[in-house]
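To start, the structure itself, in structure tokens.
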Amino acid sequence: MENEKPEERKIKSFVIRGGRLSSLQQRAIDNLYDEHVIPFSETPLNLQELFSKSQKTIIEIGFGMGATTSKIAAEFPDTNFIGIEVHRPGIGKLLSEIDNLRLKNLKIIEHDAVEVLEKMIEPESIDGFHIFFPDPWPKKKHHKRRLIKSPFINLLSSRLKQGGYLYSVTDWVPYAEQMLEVYSNEKMLENKYKEYASPISWRPRTKFEMKGLKKEHEIRELWFTRT
Ligand SMILES: C[S@@+](CC[C@H](N)C(=O)[O-])C[C@H]1O[C@@H](n2cnc3c(N)ncnc32)[C@H](O)[C@@H]1O
């Protein structure tokens, strides 16, 4: 990414967590991976060839176990979705949901979203991005790992079509403040709201959100559009 120091580029926003796959997740990986997972590649994707119907494309970054992803894809069959994640059990779980719900409009990429956007997604080709509860990396020494930083948001914005949106949610107020600052400073983005967005009715709640609410964290939503 431009304007990022080489040593910062190497820092990832995730740590691959170990943990065994459940038998359901392993079966889904064995039987469904090739059908629904797009392999990482250094060349741009042809979005229209990926899906049975050519329609709007939304990308979700860091879908976790994919609970939100499959529900939203089922609710909006006239939109195509690509979920990006590095956590294998989540890939397995979402594959089994794609199969259960017979979803034709949802594909997965198992790779670092930063590299996917750089290499596989063409400029001005995406209608929207969802980033729900990105890892907050609360300790100061880990802040450099946060996904939402100016160079990444500049890259992401360049991949949005004009009028496309970036919808983010977090339960970590200091991270929400950082998001608001980074998005507001990005010339390609415009805030649809004065500050934080009103809750969006179609976003289902996830386990991360419920955990945050239990700890009495405030949920902050942000909705920006590409100018
Ligand atoms: C705190 S979890 C939230 C999961 C989900 N969005 C939810 O709300 O339940 C953040 C997820 O983002 C994924 N992640 C972080 N950085 C990523 C990256 N650069 N590319 C792909 N996935 C990433 C992590 O593996 C993790 O599963």
- Note on the structure: One computes Rg over Rh for segment 166-227 from alpha-carbon atoms, with the Kirkwood Rh, and obtains 0.99
- Message: Restricting to DSSP loop positions (anything but H, G, I, E, B) with no more than 10 other Cβ atoms inside 10 Å of their own Cβ, which trypsin sites (Lys or Arg not before Pro) remain in segment 155-218?
- Response: Lys187, Lys194, Lys215
- Query: Counting each DSSP H run of 4 or more residues in the chain as -39500 (n - 2.57), what helix-only mean residue ellipticity at 222 nm follows after dividing by all residues, to the nearest 500 deg cm²/dmol?
  - Reply: -10000 deg cm²/dmol
- DSSP bridge pairs, segment 96-223: antiparallel proportion in percent, nearest 5: 45 percent
- Query: Of Arg20, Arg145, which has the most accessible area with a 1.4 Å probe, and how do the rest follow in descending order?
  - Reply: Arg20, Arg145
- Antiparallel %, DSSP beta bridges [both residues in the chain], to 5: 30 percent
- Note on the structure: Here, segment 22-143 modelled as identical Cα point scatterers in vacuum has Debye log10 I(q)/I(0) at q = 0.10 Å⁻¹ of -0.29
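Looking at the chain, identify the longest residue range that excludes and avoids all chymotrypsin sites (Phe, Trp or Tyr not before Pro) in DSSP loops having at most 12 other Cβ atoms within 10 Å.
It runs 1-192.
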- GNM of the chain, Cα pairs under 10 angstrom: of Glu118, Glu195, Glu216, the biggest fluctuation goes to Glu216
- Message: Pick from His111, His142, His217 the residue whose mean-square fluctuation is largest in a GNM of the chain, springs joining Cα atoms under 10 Å.
- Response: His142
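Label the chain by shape, choosing from rounded, prolate and oblate, from the square roots a ≥ b ≥ c of the eigenvalues of the Cα gyration tensor; if a/c is under 1.5 it is rounded, and otherwise prolate applies when a/b is larger than b/c, oblate when it is not.
It is rounded, given that a/c, with a ≥ b ≥ c, falls under 1.5.
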- Note on the structure: With Val173 itself left out, Lys, Arg at +1 and Asp, Glu at -1 over residues whose Cβ is under 11 Å from its Cβ give -2
- Item | Residues of segment 98-122 with amide N under 15 Å of a point placed 7 Å along Cα→Cβ from Trp202 | 105-106
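The values are calculated or read from the model by the stated rules, or taken from the named source; none is laboratory data. Note that this is a predicted model, so its numbers are computed, not measured. Cβ: placed from backbone, ideal geometry, glycine included. Neighbour counts: every protein chain shown. Just the protein is used for accessible areas: all its heavy atoms, side chains included, with ligands, DNA and RNA removed. Shrake-Rupley method; radii C 1.70, N 1.55, O 1.52, S 1.80 Å.
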